[in-house]
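Below: one structure, written as structure tokens.
Each reported figure results from applying straightforward, stated rules to the coordinates on display, with no laboratory input. Bear in mind the structure is a predicted one, so any value in this text is a computation, not a measurement. Here Cβ is always computed from backbone atoms with ideal geometry, including for glycine, and neighbour counts include all displayed protein chains.
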Amino acid sequence: MGAVRAARRGPLAGAARLTGTALAGYALGGLPSADVATRLATGGGTDLRTAGSGNPGAVNAMQVLGGGWGTAVLAADIAKGAMACAVGRAVGGGTGAHLGGTAAVLGHCFPAASGFKGGKGVAASVGQCLATFPAYFPVDLAVAALSSTGPWRRRASVATQLSSAAWIGGAILWWRKGWPNLWGPRPTAALPLAVGASSAVILYRFATARAPKREE
């Protein structure tokens, strides 16, 4: 009888852990790093959602607040994604790490505490890649560098599409080949699923982003 109860509790306990991992990842991703930096830099006199490009992210922070503040926001956003993966892995193993990373990207792009108006998720996804797919991270940096130069330099959405496609392709390749993943979880089907989900969130955020309206 006890064995039956334990068997029933097993899947439920696993689902509860993964649910907790997703919630924790979303909460970490939703931490308002850009808003905190803006308050510290301007005393609350500026809102990145109405200033510059209207995006509360590192790039707009660099343009509106300056390079130092923008770099701090970038580092914080990367750390959010990596931390969500670390928490997820501690609670739910490799699957938990992937779930936590994707949830962090979702939380960064659509934070409930900020009316679901967040950043574009790129920096958070860098943290996710660094924590869950470190073997690909140098390739990710190279693709990002190449896609941000030449004809794609002023077309961030196209550059993001190229980077996302390469990231998804790399995840599928590592999973199918079973290649080593440095300190990251062993590549399983969860890797390309998480990468694809995070990429979809980011691309949707780019597609729906609009510059703030200017007063005449």
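A few comments on the model shown:
- Cα long-axis angle, helix 67-109 against the chain (0 to 90 degrees, to the nearest 10): 10
- Distance between the pseudo-spin-label points of LEU40 and TYR204 (7 Å out from Cα toward the beta carbon): 3.1 nm.
- Non-local lysine pairs in the chain, meaning eight or more places apart or on different chains, with alpha-carbon distances under 23 Å, amount to 4.
- Relative exposure of SER53, SER163, SER157, judged by other C-beta atoms within 10 Å (fewest first): SER157, SER53, SER163
- Low-density loop cleavage sites - chymotrypsin sites (Phe, Trp or Tyr not before Pro) in region 89-183, where at most 12 other Cβ are within 10 Å (DSSP): PHE116, TRP183
- Seen against the Cα atoms of the chain and their longest principal axis, helix 33-42 is set at about 30 degrees.
- Placing +1 on the Cβ of every Lys and Arg and -1 on the Cβ of every Asp and Glu, with nothing else charged, gives region 18-208 a dipole about its Cα centre of roughly 280 debye.
- Of the trypsin sites (Lys or Arg not before Pro) in region 84-180, the ones in a loop by DSSP (not H, G, I, E or B) with at most 16 other beta carbons within 10 Å are LYS117, ARG153, ARG154, ARG155.
- Expected 222 nm ellipticity per residue - DSSP helices of 4 or more, -39500 (n - 2.57), all of the chain, to 500: -24000 deg cm²/dmol
- Helix 156-177 axis, angle to the chain major axis (alpha carbon atoms, nearest 10°): 20
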